[in-house]
Structure formats: C-alpha cells, structure tokens
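Below: one structure, written as structure tokens.
The values are calculated or read from the model by the stated rules, or taken from the named source; none is laboratory data. Owing to the predicted nature of the structure, the values given are computational and were not obtained by experimental measurement. Backbone-built Cβ (ideal geometry, glycine too); neighbour counts: all protein chains shown.
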C-alpha cells in the first residue's frame, strides 16, 4: 500500500509532493533562488518525517536553519552544543582568493622596489612546470602561486599531513594571517612562504618578514592557550645557487625575536624552482 499509515507519514508525503512541485516551478520562475530553497526545505522535511529518527530531526533543523538564518549564529550554536569553549576565544577562517592574490603581488612588488637596480614589475618570467613539455610564459604572481603550492606539497609529504592553507585567526582586538597551518598531535607548524621570482633580491624585506612571523607566532601561542609546541617552517623559493642558499641560511638563522626565546623553533627551507619541479628559463638563472 502506498497510502500513509499515520498523520506523520501523510505530512511527509504532502511535504515531498509540494517540494517536487516547487522544483518544477523553479525551472522558469523569476524567483528561482527562493523556489529552490523552498524545494530543499520541503524535501528535507519529508525525508526527516519518513525517517522518524531523532538524529535526522536534529540534522534537519541545522540544515534548514542555514537557509533562513546567519551562518555565524549556527556556528555559535554548534559550539555551545559541543561544549567548545575555544571557539569563543578565537575563530579560524580561510582567506579569500582575492586577498591571497593581492598579498602575493604586494610581496613581489616590495622585493623589486628594494632592489638596487630597478626593474619592470610587469616583466614576464618563462617557466616550464614539471612534466610539461611546452614552455609557458607566466606572470611573477602566477609563478609565485604555483611555487607556493609545490612547496606546501613538499612539507605535506614530510609530515604526511595536509596543510590548512591561508588561514586567518581572529580574536578580540587581534587578527593573524598565516600562509599555512599544519596541526600535529605534538605540535603546530606555521608555514610562511616567500616566493621571489627574480634575483638578486634584497635581504631587508626578508629579515622584516621573519621578525613579523615570529611576532605573530608568539601572539598565536597566547591566543590558543595550549601548551602545545609551535614551530615555523619558513620557505624561500628563488633561482639561487647552492652557495647562496648556504650563506642565506646562516644569515637567517641569526634572526630571533626577543620575546620568542626558545619556545618557537624556526626551520628555513630554501628551494630553487628546479627543485620544486618548475624549471625556469636561463634568463632568470643568469641573474643568480
């Protein structure tokens, strides 16, 4: 028998029926967005009533609520139910793609402006990503984003754990942004990247960047209120030669922040584009 056995099943059938009607209306309706929302709510309501399970009702309430209320309210409610007090101390979110592009482009411009010899910011860099036979002409920003992704994969292979990329930590009066954050059982690894698609590059912006990430790491340690060890993987990608890498690591290793003391370990990872599988053109290498 297809007839409902009780009022609950009858309401479920009616809900699904009107949900299907709403879905057909949305095909040509001017109010397509609203019609689709109503369709989803009615179909979900019908399925929950048919399931007649406390967990399905609980999930249904949250799913339906996403269509009628602010996501922030639901996040707060979920944190209260889970008893997650840390959620109210700080919030973690992903930085938008546009902000990432703007930030990386600004870094490239700053490094070029600090060079002894001026150069054109719109200059193209020729690079061949690994496994690709054709030569692609990339803007410095494009090359920086590709190299950062490849560098992150190297770190992920080392720890066998995915990196949370471009994270913003927000708390009362403070906002911290990290290129990457890797959460392990025994420690947290903060990843900072500096992709410099031209050479030579000045050391001053690099020194300032390291001091800044050290300061932000100490602030992050205060925010999370955990006795978890924190380390920094500071990545520099350039077309430098081996001798230059060794000298640069010696110089960078001397940079410390007073209030960071020995609580924060800093690991410097220097890669060439070739090492990451992005062979660059001879014109870029000749500048090394």
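Brief remarks on what is shown
- Every condition in (1) free of Cβ contacts under 8 Å to residues at least 40 places away in the same chain; (2) within 25 Å of residue 97 (Cβ to Cβ) holds for residue 173 except the one numbered (2).
- Residue in segment 158-173 that is buried (at least 16 other Cβ atoms within 10 Å of the Cβ), assigned to a helix (DSSP H, G or I) and modelled with pLDDT of 80 or more present: no
- Checking 178, 101 one by one, the residue that is part of a helix (DSSP H, G or I), modelled with pLDDT of 85 or more and in the same structural domain as residue 233 (by TED's automatic domain parsing) is 101 and no other.
- Some residue of segment 139-153 being within 25 Å of the chain's Cα centre (by Cα), at pLDDT below 90, on the phi < 0 side of the Ramachandran plot and not in a helix (DSSP H, G or I): yes
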